[in-house]
1. What is the set of long-range amide H partners of PHE55 at a cut-off below 5 Å, with H atoms built 1.01 Å from backbone N?
2. Mind running the shape call on segment 188-356? Use the C-alpha gyration tensor, a ≥ b ≥ c as the square roots of the eigenvalues: rounded below 1.5 for a/c, prolate if a/b tops b/c, oblate otherwise.
3. Each residue of segment 65-74 in order: what ³J(HN,Hα) in whole Hz does its phi give by Karplus 6.51 cos²θ - 1.76 cosθ + 1.60, θ = phi - 60°, with x for Gly and Pro?
4. Using modelled amide H (1.01 Å from N, peptide plane; none on Pro or chain starts), what sits under 5 Å from the amide H of GLU283, excluding residues fewer than 5 places away?
5. So, R0 is 22 Å and r is the distance between the beta-carbons of ASN255 and SER194; what FRET efficiency does that work out to, to 0.05?
6. Using only Cα atoms, tell me the angle between helix 156-166 and the longest principal axis of the chain; keep it within 0 to 90° and round to the nearest 10.
7. Relative contact order of the chain, please, whole-number percent, based on alpha carbon pairs below 8 angstrom and at least 6 residues apart.
8. Taking a threshold of 18 Å on the Cα-Cα distance, which of the pairs LYS198/LYS315; LYS315/LYS339; LYS3/LYS118 fall above it?
Amino acid sequence: MPKKLNIGITCYPSIGGSGILASALGEKLALKGHDVHFISYERPIRLPHLDNNLFFHPVKISDYGLFKYPDYTLPLSVKMAEVAQSASLDILHVHYAVPHATAAVLAKQMIAQASLPKVVTTLHGTDTTLLGQDPSYGPAIRYALERSDAVTAVSHFLASETRRIIGTTKPIDVIHNFFEPKKALKTREEIRTSLGLKDEVLLCHASNLRPLKRIDRLLNLIAGLNTQTPFKLLILAGGDFSTHKAQVDRLKLNNKVIVLDNVASIEDYLNASDMGLFTSDSESFCLGILEAMCFGAPSVSTQVGGIPEVIEEGKTGLMCDPENLPGLIEAAARLIDNKALRQTMGIEAKKRASELFSSDTAVAAYEAVYNRVLS
Ligand code: GMT
């Protein structure tokens, strides 16, 4: 019987890859018998009901009048230190370096030697690729990574970018993301009817809509499609779509694009989709592609960052240079118009997801890191 651990997890609670992954990991660790303590400013959106061994500790942010900008790092570090001692944490696992890794390193300074947890930092993407390059953040990120007991990254691309950008020689374990779908609550037909669909091929884009997701490119791609088969694009938005409405109107896409905000059961919509569509400028992994793969949907995507570790080109999806809009349009049209190809690729995509990106593999890999730093 593996040793039961007390694990603290800090992540962003909003819809975003790092929070989704951290929530799924915490849930799985709790199911395996570990005590898991989430520490964040809100209860993570994808965290299921709290159970006997799954806890949430809110961080209270001060609105002290002298502060022009509210501070999160200090109250987070104080809460981490408090929970580390009260729950005898063995591990403090922080997802997304900024400011979580810095807060964890600071928390360790406040904790009595006898109850010091080991800090594991998981890099997710822009904590290295954007903030790591920002001179106001880079040195603090490097300091926090070097003082973490272990650092993991969600792709080989991100590990190598971290070494290049942050300039650290710290060993980095690569643990690819995983996704374990929950049961869809409604049938494919019920969802398609609720979206007003008949025979259309449904393309799905799930993201937080931040600028690097290039929603402008996504809409231009849709506007450029001239297919024999009718289609619609469903955007599952974890961010504000209102700034893109003018482009939808200008390109006359109102009857082609459906936008839903913060859906609770993403599985319902993935199950109703036929393929994914992703147009990011940069992506360390792209959880959205994996989510679609789990439902037998291949994706068309820009060939950037860690995406080639997720999609096997020509077998489980199609990739194209981000600047090659005609190429992206052609790839999307190929999949929309060729049902047999879409289905063959979908079968392979689902197989690849279960073989390479299963929760069993990823959770065991994180447990191995925990046990290594504790040994
Ligand atoms: O939004 C977040 O929570 C993190 C976000 C980011 O920008 O760092 O997403 C990253 O983490 C996801 C989960 O590991 C990856 O699937 C995304 O590819 C990655 N995003 C980028 O690298 C842009």
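1. For PHE55, whose amide H was placed from the backbone, the distant partners under 5 Å are VAL36, HIS37, PHE38.
2. Cα axes put segment 188-356 in the rounded bin.
3. In residue order, the calculated couplings are x, 5, 6, 6, 10, x, 9, 10, 4, 5 Hz.
4. GLY305, GLY306
5. 0.85
6. Once rounded, the angle reads 60 degrees.
7. For the chain, the relative contact order is 13 percent.
8. LYS198/LYS315
The values are calculated or read from the model by the stated rules, or taken from the named source; none is laboratory data. Note that this is a predicted model, so its numbers are computed, not measured. Methodologically, a virtual Cβ is constructed for each residue, glycine included, from the backbone with ideal geometry; neighbour enumeration extends over all protein chains shown. Side chains are part of the model used for accessible areas, which takes the heavy atoms of the whole protein and leaves out ligands, DNA and RNA. Shrake-Rupley method; radii C 1.70, N 1.55, O 1.52, S 1.80 Å.
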